[in-house]
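To keep things clear, I will list the structure first and then write my remarks on it.
The values are calculated or read from the model by the stated rules, or taken from the named source; none is laboratory data. On a predicted model such as this, the values are computed, not experimentally measured, just so you know. In this analysis, Cβ positions are derived from the backbone assuming ideal geometry, glycine residues included, and neighbour counts consider all displayed protein chains.
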């Protein structure tokens, strides 16, 4: 891959092949989502949507290509640095959700940053996301 990923505030993916145990599952030629923007990821079951999201979060193997968040190639991070980056900058709600039933959607979103001692996003921003 000779060409660099353009620096984008947000997410930039180029030439990505991601999978598990060396087996490729998701292939993405190019994806850019600006900070604060929303995107829809669609496809049939088994097409690699979840694998792509997990690769961006550093939870699936990046076999080829680049994944940049705010201009940083997170694929070059050590495992510990990826974990730290994910804990501070990436929020995931898995397909099975695993939410705490006694909490509101907003309180469920505030729980992870609170539990890790991270700076909590503004409640106005989270209320907008929860709506």
Scanning the stretch 49-74 for residues that are in contact with a helix residue (DSSP H, G or I) (Cβ under 9 Å, 6 or more places away or on another chain) and in a loop (DSSP other than H, G, I, E, B), which turns out surrounded by the most Cβ atoms within 10 Å (Cβ to Cβ)?
58
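Evaluate the following for residue 81: is it closer than 21 Å to residue 10 by Cα and either touching a residue at least 12 places away in the same chain (Cβ under 8 Å) or in a loop (DSSP other than H, G, I, E, B) (or both)? It would help to see each step written out before you state the result.
On the way: closer than 21 Å to residue 10 by Cα: yes; either touching a residue at least 12 places away in the same chain (Cβ under 8 Å) or in a loop (DSSP other than H, G, I, E, B) (or both): no.
When the stated conditions are applied, residue 81 does not pass them.
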Looking at the stretch 3-14, is at least one residue in contact (Cβ under 8 Å) with a residue 60 or more places away in the chain, surrounded by 14 or more Cβ atoms within 10 Å (Cβ to Cβ), in contact with a strand residue (DSSP E or B) (Cβ under 6 Å, 6 or more places away or on another chain) and within 26 Å of residue 128 (Cα to Cα)?
yes
Please specify each residue of the stretch 1-43 satisfying the condition of being at pLDDT 90 or above, at positive phi and under 14 Å from the mean Cα position of the chain (by Cα).
10
